[in-house]
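Every number here is computed from the coordinates shown, using simple stated rules; none is lab data. Source: prediction; values computed, not measured. Note that we place each Cβ from the backbone using ideal geometry, even for glycine, and neighbour counts take in every protein chain shown.
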Amino acid sequence: MIDSFDDATGNPAIGVDGSSPARQPARGFAQNACVIIPRPRPTHCRVPSRIVPLAITAFTATSALGRGRAAHGEALRSQRGGLRANDFTETPLACAIGRVDGLETLPLPGAFADYDCRNNRLAWLGIGADGFLDAARAAIERYGADRVALVLGTSTGSIGATEEAYRDLEDGRFPARLRNRVLHTPHSLGVFLETALGTRGPCITVATACSSSAKIFAQAERLLRVGLADAAILAGVDTLCGSVLFGFNALELVSPQACRPFDVARRGISIGEAAGFALLERDGAATAPRLLGYGESSDAHHMSTPHPAGLGARLALADAFARSGLTPGAIDYINLHGTATVKNDAVEAVLVADMFPAGARASSTKGFTGHTLGAAGILEAVLTLLAMEQGIVPGTLNSTAPDPVCGPQLALSNETRTIRAALTNSFGFGGNNCILAFGSGRTQ
Amino acid sequence: MARTEQGDLIVHIEGIGWWSPGVVDWSAAALLLRDGAAFPTGGNAKPAATILPPHERRRAPAPVLLACEVAAQACAMADRAAAALPCVFASMHGDLAITDELCTTLATDPLEVSPTRFHNSVHNAPAGYWTIATQCHAASSAVSAWRGSFAAGLLESAVLACVDETPVLFAAYDIAAQGALAGVIQATMPFGAALVLNAKRGPRTLATLRLHHESHAAPAAALPAAQAAFVEATPIAHSLPLFAALARANACRVQLPNGAATSLSIEVLA
């Protein structure tokens, strides 16, 4: 269904038959839009089957916008952003950050003191919001601990604790308070939450950079479909740390001001931190939103820049449509990856303009929260579910003059709209892509 | 879907890759495993990783070389084009060398962080290099699960193979800790292993596994004393009982650590 969108040439931009037509600028594009010569669609990539939708019976998020759904809903409605001037790093770095207040004075409860670090503190703060912890415990009680999976997404986990240990070395050794080995592995969040919740089902961390906590929805769906679990607790948590702030700075991808996704004057990302949670079950109230589908793919192009034709993203989109049974015309809202880097937004803008009717609405919420990296997938899933609940398309905060490659779908300001079906895009380093499809619950 | 009435998953192994110091493929490893012999645990040799183009091979981080080497071996044995296979890469620690270098730089002069080192620091760096080298556009994942990293990655790979009815590449690896991290992380040598799994039995089937998630911890594995040093030296060696069973090609059941208090029971079917 996505293979016949190029109105100008009549050519498929990704030939299903393996052809690779040179692409002419299509209607609605500036002539200087990136010239795209897509590779052939890999013929071995099988089209997946429809999946049975899963109910999202509880969800919450904590980010620079605040703790819980009400704070996030209010921020979206009132266009209140959460970015501030960087006050996190000791070495000055002129940029904006999306910081969660108060973590410095919120140690984990004594029973979990061994796991104390910024990332696990944010996880614990976040999981307590909106009654999520109670809902998770009730699911464990209802199904049995061995029937509840715990699937985590993070990019850097608690590497902040490792950085701290290196700053405070004692005779070349980690200080005693930071010698718990678990803190220095990518699964730190997983061991902490598995211990705190007492789940006994499969437990695994997905760490695929900025697609991590989108992919956990796909992984959880598979675990339920294959019968290894009856419910899955999903958590995506990433926190501010030196690695990401100075690492992205070294790649010259950090904006000196608050990020401006899709704006002609965009200059890069603003890094944020967040914790997002979702509970997936086979059945739920008719009013509960649904996970309708997902698509995962690899760009096979470059470690830190997207495929110029968005090939991986297009394949992920095709699979999300195939699994959900949706078509481009059925999508009311797309929460874009929209990091505000020059390249990501150019490729993603062309993808949206190509693939969706003019009436579809699309925006990036990174201007509100910053790019929360491994937590972005689930944070933006939660924002999308809130947008559905409230019947608003959140505007692309901080952006005023869209890049000419953007199609008419881009929403700069808030719009009122009934959202029945929505997508969220997540694209990570290593060319790792994941697109999720959500459906609204029935209104009461 | 290849699932038994008890909810177990059944998958068939079509290819096996192995690289540990001095034991550079599955046939060499199988000999040692059959005999219960000692594995070398030292040396500075690097995996050949010829699947990577020469310029990438020269600059690729150690985990990338290791993971790509074993992944390529498994695909070659399975006679499967890597481009077509969804892939799952598992590692308990990720790139311990880059973490040491990055944290050392951050502690002294954060503005000197190397951009290349940073983008190579992501846990999915091997998946990224692998998909680029093999032109694989299928789903790729990078997972971690503490001591259960091998088992959790194997289970996810088997799930993927069963629900989407596709052969799947699974590779697990860890390298040695260095610098101050070596004081807390128990990992002193590189080791990687890979499997190509298929939910369908076919002419390429080498062995068949029946996987069952256990909601209790695994008992300590009974391994030959000669292999104790190997198990101490690298977390992915938690997989050794499975590979020993595959080398001996006799029906048996092994149990590998998975979650904090759970395990993966694997029946190797004759």
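Summary of values
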{"item": "Dipole in debye (nearest 20) - chain B, about Cα centre, beta carbon charges: Lys, Arg +1; Asp, Glu -1", "result": "500 debye"}
{"item": "Shielding by partners, peptide A:237-248 (average Cβ within 10 angstrom, other chains)", "result": "4"}
{"item": "Area projected by the alpha carbon convex hull of the range B:230-270, averaged over all directions, nm²", "result": "3.0 nm²"}
{"item": "Given charges at beta-carbon only (K, R positive; D, E negative), |dipole| of the range A:303-377 in Debye", "result": "80 debye"}
{"item": "Relative frequency of Cα-Cα separations exceeding 29 Å in chain B, percent", "result": "27 percent"}
{"item": "Long-range amide H partners of B:S141 with built H, under 5 Å", "result": "B:C87, B:V88, B:F89"}
{"item": "Rounded D (µm²/s) - the range A:103-249, Kirkwood Rh over Cα pairs, Stokes-Einstein at 4 °C, 1.567 mPa s", "result": "81 µm²/s"}
{"item": "Within the protein assembly as shown, percent of DSSP bridges classed antiparallel, to nearest 5", "result": "75 percent"}
{"item": "Charge dipole of the protein assembly as shown about the Cα centre (unit charges at C-beta), most positive-ward option of B:G36, B:H93, A:Y333", "result": "A:Y333"}
{"item": "Local electrostatic count, B:A187, Cβ distance below 15 Å [Lys/Arg +1, Asp/Glu -1]", "result": "-2"}
{"item": "Net charge contributed by nearby residues that have their C-beta within less than 12 Å of A:G377 (K/R +1, D/E -1)", "result": "-2"}
{"item": "Sequence-separation-based contact order of chain A, relative, with Cα cut under 8 Å and 6+ spacing, percent", "result": "21 percent"}
{"item": "Most mobile of A:T105, A:T305, A:T365 in a GNM of chain A (Cα contacts under 10 Å)", "result": "A:T105"}
{"item": "Cα-Cα separations in the range B:194-270 greater than 22 Å, expressed as whole percent", "result": "26 percent"}
{"item": "Value in Å of the Kirkwood radius, where the range B:1-141 supplies the Cα pairs that are averaged", "result": "17.1 Å"}
{"item": "Rounded if a/c under 1.5, otherwise prolate or oblate - the range A:290-439, Cα gyration tensor axes", "result": "rounded"}
{"item": "Net charge of neighbours whose Cβ lies under 12 Å from the Cβ of A:Y166, counting Lys and Arg as +1 and Asp and Glu as -1", "result": "-4"}
{"item": "GNM result for chain A, Cα springs below 10 Å: residue of A:F277, A:F112, A:F356 fluctuating most strongly", "result": "A:F112"}
{"item": "Kyte-Doolittle at least 1.0, axis length at least 15 Å by Cα - qualifying DSSP helices, chain A", "result": "A:376-390"}
{"item": "Share antiparallel - DSSP beta bridges, the range A:290-439, percent rounded to 5", "result": "70 percent"}
{"item": "Per-residue average of Cβ from other chains inside 10 Å of B:152-165", "result": "4"}
{"item": "Highest to lowest packing among A:184-195, A:404-415, B:258-269, A:315-326, scored as the average C-beta count within 10 Å", "result": "A:184-195, A:315-326, B:258-269, A:404-415"}
{"item": "Over the protein assembly as shown: Kirkwood hydrodynamic radius from C-alpha pairwise inverse distances, Å", "result": "25.0 Å"}
{"item": "Relative contact order computed over chain B (Cα-Cα under 8 Å; 6+ residues apart), in percent", "result": "28 percent"}
{"item": "Simple Cβ-charge dipole of the range A:290-439, Lys/Arg +1 and Asp/Glu -1, about Cα centre, in debye nearest 20", "result": "180 debye"}
{"item": "Rh by Kirkwood over Cα pairs, then Stokes-Einstein D for the range A:377-444 at 1.002 mPa s and 20 °C, µm²/s", "result": "159 µm²/s"}
{"item": "The range B:150-210-the range B:81-97 distance, computed between alpha-carbon centres (Å)", "result": "8 Å"}
{"item": "Peptide-level mean, for A:190-203, of C-beta atoms on other protein chains within 10 Å", "result": "5"}
{"item": "Dipole of the range A:264-394, positive direction: furthest Cα of A:A265, A:S324, A:L311, with charges on the beta-carbon", "result": "A:A265"}
{"item": "Selected from A:A149, A:A85, A:T105, residue furthest toward positive end of dipole (the range A:54-281; charges at beta carbon)", "result": "A:A149"}
